Amino acid sequence: MRVAVAGCCHGELDKIYETLALAERRGPGPIDLLLCCGDFQAVRNEADLRCMAVPPKYRHMQTFYRYYSGEKKAPVLTVFIGGNHEASNHLQELPYGGWVAPNIYYLGLAGVVKYRGVRIGGISGIFKSHDYRKGHFECPPYNASTIRSIYHVRNIEVYKLKQLKQPMDIFLSHDWPRSIYHYGNKKQLLKTKSFFRQEVENNTLGSPAASELLEHLKPTYWFSAHLHVKFAALMQHQVKDKEQSAKATKFLALDKCLPHRDFLQVIEIQHDPSAPEYLEYDTEWLAILRATNDLINVTERPWNMPENNGLHTRWDYSATKEAMNEVMEKLNHDLKVPCNFSVTAACYDPSKPQTQMQLVHRISPQTTEFCAQLGITDINVRLQKAKEEQHLCGDYEGQDAVESNDSGEDPSEYNTDTSALSSINPDEIMLDEEEDYEDSIVSAHSDTNTPSAEPSDQASDFSTSFSDVRILPSSMIVSSDDTSGSPVGKEGNSGEPLELGDGKVPLKRLSNEHEPEQRKKIKRRNQAIYAAVDDDDTA
């Protein structure tokens, strides 16, 4: 089947679907599935905009609300993960995944589903070591700290995914697995993004948690975004058991959705012709969710996952055959993901702007139904109980707006942070660009710094240049120019490029453009300040 993969969406759903339509007209057939690698921005209304961790000048309604309201419907099944610029209050309603609009499915904090026999997994957010061992304690209204920590990956999600044993076809993450740049054309990457050099040389660019998952899951494909550059790699996994066959992962990162940028890739992926043409639950993953239900943590206290160190009575939560049979019984042997999307918040109305819309911590009927059927706990229900009993969450004015890395907690199991671009990336959104950013975080009772609810002013410029945008990058190829000393060079043929696409005909750009236009740098008042900004302050 033909699968389209998009990098950072940034709310540009109309443009992405227009691109797919153009690709279908020029390509060999229809697109069967769209996968989005984060920064999806499922913004329903003005309140959602206030929960998105970007400076106020980047808060635009974009076009998702039209799909949420039913005005439009996604022309192709769309599956996405969360990034670090999301309507976090909306996605928080669906911790185990669910429909954010008809035909648009969110994988949750971490999740695994199947489509036409292809197994697709993913993890939302980005890695930050100082929040990694905490529970999911955040809830709206967010303060200056929790509006960022809400999208930081937690060890519980990684732990669940590491219980998986069955083969994975596709895996999605927003930030890159650490060290993946050693398996592709590192020279070209550093030529394009020279400010990555220090992190690449120190091997601190990317997520160590994602790297751990890459080594454990060994998926056929791994797709990422976040760093706003197209990069392909081929990782040959080491064979620990001689009886096992060697596995390789084809990695591809894509750019953000802008004209003349490599933000979309269409590839051919083998599927099971006898499998149903609708989204299905994965029995192994559901069994793991049931097994790990008691490990849910909604406190800010750091904690470690169970392991075989003599301190835990159980450390193996992998799915047994009996556990998977129990899941099938609970689902009445029907694995189809129900099309039970429901509107849980008022939708943006351009004719009636609601600048004072209240922020509410909602319980989604989808999550309630899913948890009841599976016999697990809705994280949000537990959060609300904890909020009532222990006052874990409060208004921004009533909390100390302290950055989470000043908490004095025990260090993470990882001794270095991830994606912490000590050098400045001129192509990224910096959360601290504006001095009054923290003052712009609006609580449920605040009426200051109303975000812009109008569609982005860039839309018209985007449309005029859209007809010749390079929407389909060349086929997934890892150049051998830089692999002589890399793991790829040791494993593969250093004389020829490594072809990552499965299609017989290489995909070509749909534009006569050969070089992207000069990228504008974001103005900054104080370069020294931004050099110390954390990784989650980048797009």
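Normalising by residue count, the stretch 1-392 has a Cα convex hull of 163 Å³ per residue. Net charge within 13 Å of residue 296 by Cβ-Cβ distance, Lys/Arg positive one each and Asp/Glu negative one each, not counting residue 296 itself? Value of the local net charge: +3. For the peptides 273-281, 186-194, 212-220, 5-13, the ranking by mean Cβ contacts within 10 Å, running from highest to lowest, is 5-13, 212-220, 186-194, 273-281. Short-range pairs are left out: with C-alpha atoms under 8 Å and at least six residues apart, the relative contact order of the stretch 1-392 is 20 percent. Each peptide among 121-128, 305-312 gets the average number of other Cβ atoms lying within 10 Å of its residues, and from highest to lowest they stand as 121-128, 305-312. One Cα centroid belongs to the stretch 69-103, the other to the stretch 282-312; the line between them spans 26 Å.
Taking amide H atoms as placed 1.01 Å from N in the peptide plane, the amide H of residue 279 lies under 5 Å from those of 337, each 5 or more residues away in sequence or on another chain.
Amide hydrogen proximity for residue 84: with H placed 1.01 Å from N in the peptide plane, the residues at 5 or more positions away or on another chain lying under 5 Å are 39. Label sites at residue 237 and residue 197, each approximated as a point 7 angstrom past Cα along Cα to Cβ, lie 3.5 nm apart. Looking at the stretch 1-392, the accessible area is 35 square angstrom per residue; that uses a 1.4 Å probe and ignores ligands, DNA and RNA. Taking the protein heavy atoms of the stretch 1-392 in the context of the full set of protein chains, the accessible area attributed to carbon and sulfur is 47 percent at 1.4 Å. Sorted from greatest to least, the principal axis extents spanned by the alpha carbons of the stretch 120-168 come out as 40, 20, 14 Å. Working note: Karplus 6.51/-1.76/1.60 with θ = phi - 60° gives the stretch 374-382 the couplings 8, x, 10, 9, 6, 4, 5, 5, 5 Hz, where Gly and Pro are set to x.
Distant-in-sequence amide contacts of residue 207, defined by a placed amide H-H separation under 5 Å and a gap of 5 or more residues or a different chain, comprise 176, 178. Residue ranges 92-98, 332-338 sort as 92-98, 332-338 when ordered by packing (mean number of other C-beta atoms within 10 Å per residue, highest first).
Our summary gives the stretch 237-298 a relative contact order of 13 percent, counting only alpha carbon pairs under 8 angstrom and 6 or more residues apart. With a simple spin-label model that places each label point 7 Å from the Cα along the Cα-to-Cβ direction, the separation between residue 215 and residue 347 comes to 4.7 nm. For the stretch 172-182, backbone phi angles converted through the Karplus equation (6.51, -1.76, 1.60; θ = phi - 60°) give residue-by-residue couplings of 10, 9, 7, 8, 6, x, 4, 6, 5, 5, 6 Hz, Gly and Pro being listed as x. Taking 0.36 nm per residue of sequence separation and removing the Cα-Cα distance, the residue 330/residue 381 pair yields an extension gain of 16.2 nm.
Over all Cα atoms in the stretch 161-240, the spread is summed up by Rg and Dmax: 12.8, 39 Å.
The values are calculated or read from the model by the stated rules, or taken from the named source; none is laboratory data. This is a predicted model, so every value here is computed, not measured. Here the Cβ is made from the backbone with ideal geometry for all residues, glycine too, and neighbour counts use every protein chain on show. These area figures cover heavy atoms from the full protein model, side chains too; ligands, DNA and RNA do not enter into them. Shrake-Rupley method; radii C 1.70, N 1.55, O 1.52, S 1.80 Å.
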